[in-house]
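The values are calculated or read from the model by the stated rules, or taken from the named source; none is laboratory data. Everything numeric in this text was worked out from a predicted model, so none of it was measured. Cβ coordinates were reconstructed from backbone atoms using ideal geometry, including for glycine residues, and neighbour counts include every protein chain displayed. Keep in mind that these areas ignore ligands, DNA and RNA; they rest on the heavy atoms of the full protein, side chains included. Shrake-Rupley method; radii C 1.70, N 1.55, O 1.52, S 1.80 Å.
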Amino acid sequence: MAYSASVPKFTCVVFQNGTNVTSSDTCNVNGTVCDIIEFDTSMRTIVSEWGLVCDRRWISQTITTIQMSGMLVGGIFWGHVCDGIGRKPTFFLNVLALGMANLISYFSVNWQMFASMRFIIGLGCAGFTTSPLMFEYIQNRWRVFLLLIPSFDLWASVMAAFCYWSRDWKMLNISIAVASGLAMFGWFYFVESFRWLVSNGKVHLAQETIRKVARVNRRPEPNLTKLSVVIEKEQKEAELTKSLRVYSALDLFRTRQIRKTTLLFAFIWLFSAYSYYGIALGVQELSGDFFLNLFLVNVIDIPGNYVAVLFNTWGGRKWTCTGFYALGGVFALLVGIFKFLNLSISGTALDALALSAKLCVSAAWNINTLWSQESFPTVVRFIGGGFISSVSRVGSMVAPQIITLSRDIKGLLYLVCGIVCLLSTGMCVFLDETKNRDLPDMIQRHQTRSDTRKNMKHAQKY
């Protein structure tokens, strides 16, 4: 949508006294509304396709908001589906939905049809985060290093290069549909999460899955006799626990400690989503070549991930996030102030500040994802993650609307970004560090300061 919703250069044509009077990138000529709007043919977007400028300029960014609302609904919906039918079918069902919606988008005859497909695409995007195939295969100590595999950032950068080559929003949709079709062949390779199989009583299938993983990795098959005993014991304990207590979203607000954790992470994620998507989707706010900026705003996340892992390994979750949010806030505020006051500064320097803000927000949000998962007790970890993820979509829904307002109020997008990043900095200070600490399993009803000190001592010793 950063490309599809971009506004090509256009010419306003007014017929006056038998002659044509024109003006570039304006909606009137000397106070007279355009009779015809002619778009630059060097790039084809939904804006030029359906004339979404002037009194219709709100439509293009509203379509992006509709897509983000799909992600909000999907975050809640797919979580239940994933727990019900499994990780693998949920994952590939979303791949199929993305492929079909992008294919139908190619044949859109109006913006309403296109917007409805973007909602379905939003649903599909949300499904990837609620079907954690890769996450559940990997041991705890290695999960942070998943950030070093720049899958999303790398291919987003490739798609930016594809936009430069094709210059056509329809080609962008058809390419994603084709890629989704190819990805469906992964069904025959990937196996279901054995953690999910065990938790749903399908021990025999879990054992078959483990054997297949061993064969693919060319490792000897493990002795599953002891594993079967452990699984049986855990199942009995799980059934007992489930019969005693059924947890819901209300438990995220039961005690003072977990209520603080829930609310702080919810606001931090909301602010992170606004900042991340605001800068990414507002690529036309940057100076210089549009396509180069589209590439840079995506590729900048790759070094951001490496820096995030480096600082996280050295300083822990809390101070890594605090530092990156603070830096991101300062960079964004500087961009916003320069734009708002129209101060003299080179476009390259301004772009460098904006991209630095994006790098910091991306790095902080990535580590924050791990931090939040480690902060919620096991009994409500998935519920807590789903809740804050859904709240974050409010930020990504607001971002496109601020982009529209920022065309009239210069610098507004970055001023708001800077403020919310600094607010996130302050909120991180009040959260507990989780590095090298045992994951909590149950919600602590009563915990004294003495208990907290003992737990921290135990964590440090561990």
Worksheet entry | Helix 58-85 axis, angle to the chain major axis (alpha carbon atoms, nearest 10°) | 20 degrees
Discussion item. With angles folded into 0 to 90 degrees, how steeply does helix 449-461 sit against the dominant principal axis of the chain? Use alpha carbons for both and round to 10.
Written reply: 90 degrees
Worksheet, complete the sentence: Averaged per residue, the 1.4 Å probe accessible area of the chain, protein heavy atoms only, in Å², is roughly 51 Å²
Fill in: Helix 87-106 vs. the chain, principal-axis angle (Cα, 0 to 90°, nearest 10)
10 degrees
Worksheet item: Given a 1.4 Å probe and the protein chains all in place, what does the accessible area of Glu208 round to, in Å² to the nearest 10?
Response: 80 Å²
Worksheet item: When ranked by the protection proxy of mean other Cβ atoms within 10 Å per residue, highest first, what sequence do the peptides 21-27, 152-158 form?
Response: 152-158, 21-27
Worksheet item: Given only helices, namely DSSP H runs of n ≥ 4 each adding -39500 (n - 2.57), what is the per-residue ellipticity at 222 nm of the chain, to the nearest 500 deg cm²/dmol?
Response: -22500 deg cm²/dmol
Discussion item. Using each residue's phi in region 16-24, evaluate 6.51 cos²θ - 1.76 cosθ + 1.60 at θ = phi - 60° and report the 3J(HN,Hα) Karplus result to the nearest Hz, with x for Gly and Pro.
Written reply: 10, 6, x, 10, 9, 10, 10, 8, 8
Worksheet item: What translational diffusion coefficient, in µm²/s and rounded to a whole number, does the Stokes-Einstein relation yield for the chain at 10 °C and a viscosity of 1.306 mPa s, taking the hydrodynamic radius as the Kirkwood radius over Cα pairs?
Response: 65 µm²/s
Discussion item. Tell me the accessible surface of Leu146 in square angstrom (1.4 angstrom probe, heavy atoms of protein chains only), to the nearest ten.
Written reply: 40 Å²
Worksheet item: When you count, for each residue, the other Cβ atoms within 10 Å and take the mean per peptide, how do 411-420, 307-316 rank with the highest first?
Response: 411-420, 307-316
Practice prompt. Enter the accessible area of Lys318 (Å², nearest 10), with the probe set to 1.4 Å and all protein chains included.
Written response: 40 Å²
Item to complete: Order Lys260, Lys233, Lys339, most accessible first, counting only protein heavy atoms with a 1.4 angstrom probe.
Response: Lys233, Lys260, Lys339
Fill in: Zone of Asp83's modelled label, taken as backbone nitrogen in region 385-402 under 12 Å from a point 7 Å along Cα→Cβ
385-387
Worksheet item: Largest first, what is the accessible-area ranking of Ser248, Ser375, Ser60 with a 1.4 Å probe?
Response: Ser248, Ser375, Ser60
Discussion item. If DNA, RNA and ligands are ignored and the probe is 1.4 Å, what is the ranking of Phe267, Phe430, Phe39 by accessible area, most exposed first?
Written reply: Phe430, Phe267, Phe39
Worksheet item: Using the Cβ atoms and a cut-off under 13 Å, what net charge is assigned to the surroundings of Met68, where Lys and Arg are +1 and Asp and Glu are -1?
Response: +2
